[in-house]
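Chemist: Can you keep this structure in mind? I'll have questions shortly.
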Amino acid sequence: MTELHALLRELELMTVASEVLPPVFAESIDERLVQARLGVAAGLYAALECKNAAVAGHALRVALACSGWAAQMGLPDDERDDIEIAALLHDVGVIGAPTTSC
């Protein structure tokens, strides 16, 4: 299981439990870059969840499905990570859309 896949699972569980994500710390420069990338993705996901929880739930399900697909295809971990982030954030534009009421 990749680091991002674990994060996606954690996000899913926390979304269901409505918990706040704990801070993440890394030691090496490479790991700090990975953590920064994941932090940006997590921050955008949190903003999406605040804007529209249903869309955020959909995005999370898409990311998990894509992760499973990438694993079945035997893609390298770095490619799988990229696919997971892209899937998680595919509806991020909703954040800037005006809120409408019916």
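The values are calculated or read from the model by the stated rules, or taken from the named source; none is laboratory data. Every value quoted in this text rests on a predicted model; they were computed, and no experiment measured them. In this analysis, Cβ positions are derived from the backbone assuming ideal geometry, glycine residues included, and neighbour counts consider all displayed protein chains. For accessibility, only protein heavy atoms count, side chains too; no ligands or nucleic acids. Shrake-Rupley method; radii C 1.70, N 1.55, O 1.52, S 1.80 Å.
Chemist: What's the number of the only condition in (1) at pLDDT below 85; (2) under 13 Å from the mean Cα position of the chain (by Cα); (3) open to solvent by less than 40 Å² (accessible area, probe 1.4 Å) that Ala26 fails to meet?
Modeler: Answer for Ala26: the failing condition is (2).
Chemist: If you go through the range 73-99, how many residues are among the aliphatic types (A, V, I, L, M) and assigned to a loop (DSSP other than H, G, I, E, B)?
Modeler: 3
Chemist: Another one. Of (1) of a type outside the set (Gly, Ala, Ser); (2) within 25 Å of Ala71 (Cβ to Cβ); (3) modelled with pLDDT of 70 or more, Leu33 satisfies all except one. Which?
Modeler: Leu33 satisfies all of (1) of a type outside the set (Gly, Ala, Ser); (2) within 25 Å of Ala71 (Cβ to Cβ); (3) modelled with pLDDT of 70 or more except (3).
Chemist: Return the residues of the range 63-90 that are surrounded by fewer than 17 Cβ atoms within 10 Å (Cβ to Cβ) and farther than 12 Å from Ala41 by Cα; say none if nothing qualifies.
Modeler: Of everything in the range 63-90, those that are surrounded by fewer than 17 Cβ atoms within 10 Å (Cβ to Cβ) and farther than 12 Å from Ala41 by Cα turn out to be Ala65, Gly68, Trp69, Ala71, Gln72, Met73, Gly74, Leu75, Pro76, Asp77, Asp78, Glu79.
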